[in-house]
Amino acid sequence: MIQVTLIIRITLVLAFIMLSYWALQGIQIEKILRKGRVQEARILFLLIAIWMGASIAKVIFDLSDYLNQYIQLILQ
C-alpha cells in the first residue's frame with residue numbers, strides 16, 4: 001500500500017510541474033529579461049514550474065492527510 005501511495009504522489013508532483021510549466025508558457029517573460037538571454041529564461045521557467053508544481057502538490061497532500069486524520073478522529 002505504501003508503494004502505491006508513493007507512486008501516486010510522485011506522479012502527481014510530476015503532473016503539477018508539467019501543468020505549471022504549461023501555464024507559464026502564457027507569460028511573455030522575454031519583455032522583462034534582457035535580450036539574448038533565452039537559455040536563462042527557459043531555466044528560470046523550469047525552476048519556477050518545479051517550485052509551483054511541488055508547492056501545489058504539497059497542499060493537495062496536506063489536505064488529503066488532514067482529511068484522513070479527521071475521518072479517523074470521527075470514526076473513533
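Selection of segment 55-76 for residues being open to solvent by less than 100 Å² (accessible area, probe 1.4 Å) and polar (S, T, N, Q) yields Ser55, Ser64, Asn68. The residues in segment 28-42 that are open to solvent by 90 Å² or more (accessible area, probe 1.4 Å) and of a type in the set (A, V, I, L, M, F, W, C) can be counted, and the count is 1.
Scan segment 43-54 residue by residue and report those that are under 12 Å from Phe16 (Cα atoms), open to solvent by 60 Å² or more (accessible area, probe 1.4 Å) and not β-branched (Val, Ile, Thr). Once the filter is applied, which keeps residues that are under 12 Å from Phe16 (Cα atoms), open to solvent by 60 Å² or more (accessible area, probe 1.4 Å) and not β-branched (Val, Ile, Thr), segment 43-54 yields only Trp51.
For segment 2-18, filtering for residues that are open to solvent by 100 Å² or more (accessible area, probe 1.4 Å), at pLDDT below 95 and touching a helix residue (DSSP H, G or I) at 6+ places or on another chain (Cβ under 9 Å) leaves 0. Among the residues making up segment 7-60, those that are in a loop (DSSP other than H, G, I, E, B) and either small (Gly, Ala, Ser) or on the phi > 0 side of the Ramachandran plot (or both) are Gly26, Gly36.
The values are calculated or read from the model by the stated rules, or taken from the named source; none is laboratory data. On a predicted model such as this, the values are computed, not experimentally measured, just so you know. Using ideal geometry, Cβ is built from the backbone for each residue, glycine included, and neighbour counts are taken over all protein chains shown. When the accessible area is computed, the model is the full protein with side chains, heavy atoms only, and any ligands, DNA or RNA have been set aside. Shrake-Rupley method; radii C 1.70, N 1.55, O 1.52, S 1.80 Å.
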